[in-house]
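Following: one structure in structure tokens, then a few remarks.
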Amino acid sequence: MSRPDAGTGKPVTARRALIVVAAGSGERLGHGIPKACVDLGGRPILAQVLQRLHGLSSGGLTPGRLSHGLDAVVLVLPPDRASYDQLAAVGEQFSAAAGVPVFSTRGGGSRSSSVRAGVNHLLSAAAADWDPATTTVLIQDAARAMTPEQVYARVFAAVEAGAAAVVPALPVTDTIKRVHPEPAADSGAERVAETVPRSSLRAVQTPQGFTLALLQQAFEFIGDLPDAEAEGLTDEAMIAEAMGIAVAVVPGSESALKITTQADLAAAQALLASIHAPEQTKPVLPRVGIGHDVHAFAPAEEPRDLWLAGLFWPGQQGLTGHSDGDAVAHACCDALFSAAGLGDLGVHFGADTIGTARPELEGASGAQLLAEAARILAGEGFGIGSIAVQFVGKRPKFGPRREEAQQVLSAAAGAPVAISATTSDGLGFTGRGEGILATATAVIYTL
Ligand code: CTP
Ligand code: MG
């Protein structure tokens with residue numbers, strides 16, 4: 001045996017292949033689609049198998065993942081076109097993320113014939129000139145979607161240490177009884193024949209590992225079995241046993257449960273949820289922003305319309321500035337940009353001449369800019385929780401039109417906008433009626 005590679009633990013001259021058999025129809029699960037296509041935690045069961053090997057959801061390559069040591073993966077898929085295409089695409093995604101060649105082929109009418117198809121495909125697509133004696137092939141049931149990476153690693157290691165056939169297994173905890181083949185003649189009930197001593201029993205899982213050489217011999221040994229007979233071959237270790245080859249046992253995992261029925265699927269879902277639980281309990285905090293705007297009233301000799309908080313205020317002198325001077329709406333925009341970390345009004349709409357940085361916004365009202373700010377945030381993946389804005393000024397008198405103003409700005413922002421107003425007790429520029437001030441806060445969240 002050659003020395004192991006530091007990163008993967010695999011002997012440097014050895015080859016590692018994984019065959020995932022996923023061609024079954026999932027009759028007992030009863031979803032009306034092949035089992036490997038059934039949703040488990042938002043992706044097909046087959047994708048969850050590959051996910052365990054690589055941590056695809058963590059985004060990117062994780063050093064030392066088992067997938068780095070694989071030389072080829074063969075997916076044995078259901079023959080119908082739609083399922084095949086869907087699952088082959090899952091394989092391509094894994095291949096791109098993990099940098100492992102992934103091949104897809106169609107399965108047969110029994111698990112055993114699907115495994116045989118996988119081995120043949122491995123030989124034709126990748127392993128033609130690999131040494132069968134130093135190539136390890138792991139056969140994994142897609143149905144055991146939650147099998148942890150460590151079990152694969154254990155099986156690879158045992159084959160590479162010299163075992164020709166390896167199965168992962170767990171001790172049996174139930175009391176096992178054998179029943180008579182025929183039910184009782186009178187009641188029709190099954191009858192116990194004997195209790196099987198539990199200490200020597202093991203519940204066998206997948207992945208099962210073999211040298212490629214042994215797999216080739218095994219399929220020669222059984223020849224071309226009709227599906228009905230192959231049905232009885234629930235794993236390839238059975239063939240090795242029949243050939244008199246020692247089959248090594250390594251520890252399996254409770255997580256490697258086989259999804260056969262709806263109850264098993266629910267158990268796998270619960271397991272998946274518990275794996276992701278630490279991420280989910282991390283609190284998702286909202287983001288808070290602040291905005292501030294000041295405008296002076298235009299001099300009496302330059303009459304202007306007053307627009308404030310999205311409303312027209314007839315008979316009131318307007319504010320200075322190139323825009324409509326709607327300090328209340330502008331403060332709301334700034335609070336939104338601040339909360340999202342997207343700069344401020346000037347960055348998006350033009351610093352001094354609001355509307356001119358984006359010609360289509362030239363002359364836009366405060367309410368239109370607020371609607372545009374909300375759209376920009378949504379484009380960056382933020383929703384708006386609420387905005388609170390306070391107006392400080394001697395006039396106009398806000399109380400009678402507060403509701404109306406809140407409705408206009410809330411409609412523009414697509415979220416509740418609360419407006420409060422105060423005078424400043426005659427102090428400062430607001431108190432003297434020279435100008436107005438608005439301060440806003442916004443709470444936003446990640447969509
Ligand atoms: N399998 C396969 N080809 C078949 C039959 C089974 O590749 N013709 C695969 C399944 O996809 C599964 C594994 O062998 O990953 C174990 O089979 P099982 O759990 O029985 O799955 P199904 O045959 O799909 O389920 P059912 O027997 O309920 O129809
Ligand atoms: Mg089956």
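The values are calculated or read from the model by the stated rules, or taken from the named source; none is laboratory data. The structure presented is a predicted model; accordingly, all values stated were derived computationally and were not measured. Methodologically, a virtual Cβ is constructed for each residue, glycine included, from the backbone with ideal geometry; neighbour enumeration extends over all protein chains shown.
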For residue 264, state whether it is within 22 Å of residue 37 (Cβ to Cβ), in the same structural domain as residue 17 (by TED's automatic domain parsing), of a type in the set (Asp, Glu) and touching a Gly at 6+ places or on another chain (Cβ under 7 Å). no
Being surrounded by 11 or more Cβ atoms within 10 Å (Cβ to Cβ) and acidic (Asp, Glu) is the requirement here; does residue 160 meet it? yes
I want to confirm something. Restricting to the range 141-166 and keeping residues that are more than 32 Å from the chain's Cα centre (by Cα) and of a type in the set (A, V, I, L, M), which single residue is nearest to residue 239 (Cα to Cα)? 165
Would you confirm whether any residue within the range 225-242 is buried (at least 19 other Cβ atoms within 10 Å of the Cβ), among the hydrophobic types (A, V, I, L, M, F, W, C), modelled with pLDDT under 90 and assigned to a loop (DSSP other than H, G, I, E, B)? yes
Considering only the range 297-354, state which residues are out of contact with any helix residue (DSSP H, G or I) (no Cβ under 8 Å at 6 or more places or on another chain) and of a type in the set (S, T, N, Q). 316, 317, 320, 338, 353
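Conditions tested, residue by residue: (1) at pLDDT 95 or above; (2) of a type in the set (A, V, I, L, M, F, W, C); (3) surrounded by fewer than 20 Cβ atoms within 10 Å (Cβ to Cβ).
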| site | (1), (2), (3) |
| --- | --- |
| 338 | yes, no, no |
| 342 | no, yes, yes |
| 349 | no, yes, no |
| 361 | no, yes, yes |
| 375 | no, no, yes |
| 383 | no, no, yes |
| 389 | yes, yes, no |
| 425 | no, no, yes |
Subset of the range 125-142, residues surrounded by 15 or more Cβ atoms within 10 Å (Cβ to Cβ) and assigned to a loop (DSSP other than H, G, I, E, B), comes to 130, 132, 134, 142
Go through (1) part of a helix (DSSP H, G or I); (2) modelled with pLDDT under 95; (3) more than 24 Å from residue 231 (Cβ to Cβ) for residue 88 and report which single condition fails. (2)
Which members of the range 73-128 meet the condition of being among the small types (Gly, Ala, Ser), in contact (Cβ under 8 Å) with a residue 24 or more places away in the chain, away from ligand 1 (no atom under 16 Å from the Cβ) and touching a strand residue (DSSP E or B) at 6+ places or on another chain (Cβ under 8 Å)? 125, 126, 127
Expected single match for modelled with pLDDT under 95, out of contact with any Asp or Glu (no Cβ under 8 Å at 6 or more places or on another chain) and assigned by TED's automatic domain parsing to the domain that holds residue 405 among 355, 325 is 325
Unmet requirement for residue 198, which otherwise passes all of (1) of a type outside the set (Ser, Thr, Tyr); (2) loosely packed, with under 15 Cβ neighbours inside 10 Å; (3) within 37 Å of the chain's Cα centre (by Cα): (3)
Looking at (1) within 16 Å of ligand 2 (Cβ to nearest atom); (2) touching a Leu at 6+ places or on another chain (Cβ under 8 Å), which is the one condition that is false for residue 143? (2)
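Condition check ((1) charged (D, E, K, R); (2) touching a residue at least 60 places away in the same chain (Cβ under 8 Å)) across all residues:
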residue	(1), (2)
293	yes, yes
307	no, no
318	no, no
323	no, no
326	yes, no
339	no, yes
343	no, no
368	no, no
374	no, no
The range 19-42: number of residues that are touching a residue at least 12 places away in the same chain (Cβ under 8 Å) and more than 7 Å from ligand 1 (Cβ to nearest atom): 8
